[in-house]
1. Restricting to the stretch 49-86, name every residue that is at pLDDT 95 or above, among the hydroxyl-bearing types (Ser, Thr, Tyr) and within 23 Å of Gln280 (Cα to Cα).
2. Hey, does the stretch 212-221 have a residue that's within 19 Å of Leu163 (Cα to Cα) and surrounded by fewer than 19 Cβ atoms within 10 Å (Cβ to Cβ)?
3. Could you tell me which numbered condition Ser294 fails, if it satisfies all but one of (1) more than 23 Å from Trp55 (Cβ to Cβ); (2) out of contact with any Leu (no Cβ under 7 Å at 6 or more places or on another chain)?
4. Which of (1) buried (at least 16 other Cβ atoms within 10 Å of the Cβ); (2) farther than 23 Å from Ser130 by Cα; (3) touching a helix residue (DSSP H, G or I) at 6+ places or on another chain (Cβ under 8 Å) does Ile254 not meet, given it meets every other one?
5. Considering Val220, Val257, Val266, Val229, which residue is touching an Asp or Glu at 6+ places or on another chain (Cβ under 6 Å) and in the same structural domain as Leu161 (by TED's automatic domain parsing)?
6. Of all residues in the stretch 95-146 being over 11 Å from the mean Cα position of the chain (by Cα) and hydroxyl-bearing (Ser, Thr, Tyr), which is surrounded by the fewest Cβ atoms within 10 Å (Cβ to Cβ)?
7. Can you report the number of residues in the stretch 265-286 which are within 21 Å of the chain's Cα centre (by Cα), among the hydroxyl-bearing types (Ser, Thr, Tyr) and in a loop (DSSP other than H, G, I, E, B)?
8. For Ala180, only one of the following conditions fails: (1) at pLDDT below 95; (2) among the small types (Gly, Ala, Ser); (3) crowded, with 19+ Cβ neighbours inside 10 Å. What is its number?
Amino acid sequence: MNTGKNLFAYIAIIICGLLIMGCNAQTEDETNKQNYSVPDQPDVEVQTQSFKDYWYAGEAELSHYDLEQIRYGQVRNGDAILVFVTEDFLTDKQVKLESELNGRDAKTVLKLNFLKEFVTGIYEYNVMTSTFTPVSINKNPRSLKVASSSQEWCGTTWSQLNLRGGHYEITGHSYFEDEADYKTTLDAVWLEDEIWTQLRLSPKLLPEGEIDIIPASFGVRRSHSGWAVEKAITKKENWTGDGMPGENLNAYSIEYVNRDRNVTIVYEAESPYRIAGWIQTQKTSKGDTLKARSVRTNTIKEPYWKQNSNSDESLREKLGLES
């Protein structure tokens with residue numbers, strides 16, 4: 001008799017557990033849908049043959065920019081390199097797939113390695129941010145990972161965002177005492193870092209109007225403001241300015257509501273939507289507004305990961321860099 005009661009209680013516990021799991025799953029699905037702003041239209045552009053011919057040719061797109069970077073209340077000159085390439089990406093470990101899949105889940109991502117090098121007085125900065133955005137942006141509209149590091153003569157800082165469910169898990173390390181080693185979690189809203197990859201996939205899917213956004217990794221590190229979801233006003237429009245390469249250009253702007261920093265990305269209106277340059281404005285502690293303009297000088301497509309011999313250094317000149 002007791003055995004029957006125990007069995008009934010055991011079954012009831014299982015049923016309650018399944019119901020709770022279902023409620024949690026529904027809640028997470030609703031959260032994902034709200035935060036991801038999933039568009040209704042299919043990934044038409046990324047399914048076209050022209051898209052595949054450009055992005056799946058076994059080459060990366062490498063672009064050099066004459067960089068202007070605002071740091072310590074002044075505009076600094078330097079170089080920026082944008083490396084766009086597609087690769088297979090493991091969703092559990094969130095690293096590049098380099099072995100047999102063996103039943104594991106992997107997605108094709110568009111990866112951007114965004115490198116900046118500029119000088120502040122006697123010493124220089126070397127900054128790199130890597131963003132991994134699924135090509136199937138309709139089914140997977142949020143980037144899976146962003147890793148960023150900054151090296152300068154005072155020390156090194158590093159941060160990483162990993163998408164887990166409807167949130168970004170953020171870890172970081174810094175030589176500054178107030179930052180040191182930290183972990184935090186934010187809702188999986190738009191990332192400023194992923195605007196660059198999303199734009200290359202399909203700019204028509206970028207949001208317009210007021211959005212929730214997590215500022216760029218280097219911007220968070222530079223301002224020491226800490227990680228937070230912020231409000232910004234975004235819009236797309238025809239580019240009518242000058243000083244950018246190309247004739248038919250569009251612009252996507254991000255204007256922060258509570259942060260004295262805005263960015264406008266200028267890009268070609270036709271696929272593959274190459275980035276012509278960008279403009280950043282920022283207010284100084286004295287109330288002055290600084291403007292920094294970065295302009296593309298060269299673009300090449302190469303399998304650069306194979307080109308590591310001394311004889312390949314001539315490609316740097318082709319890219320607009322000193323050998």
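The values are calculated or read from the model by the stated rules, or taken from the named source; none is laboratory data. Keep in mind that what you see is a predicted model, and the values were worked out from it rather than measured. Ideal geometry is used to build each Cβ from the backbone, glycine not excepted, and the neighbour counts take in all protein chains shown.
1. Ser63, Tyr65
2. Yes, some residue in the stretch 212-221 is within 19 Å of Leu163 (Cα to Cα) and surrounded by fewer than 19 Cβ atoms within 10 Å (Cβ to Cβ).
3. The one condition Ser294 does not meet is (2).
4. Of the numbered conditions (1) buried (at least 16 other Cβ atoms within 10 Å of the Cβ); (2) farther than 23 Å from Ser130 by Cα; (3) touching a helix residue (DSSP H, G or I) at 6+ places or on another chain (Cβ under 8 Å), the odd one out for Ile254 is (2).
5. Val229
6. Per the stated criteria, the residue is Ser99.
7. 2
8. Unmet for Ala180, out of (1) at pLDDT below 95; (2) among the small types (Gly, Ala, Ser); (3) crowded, with 19+ Cβ neighbours inside 10 Å: (3).
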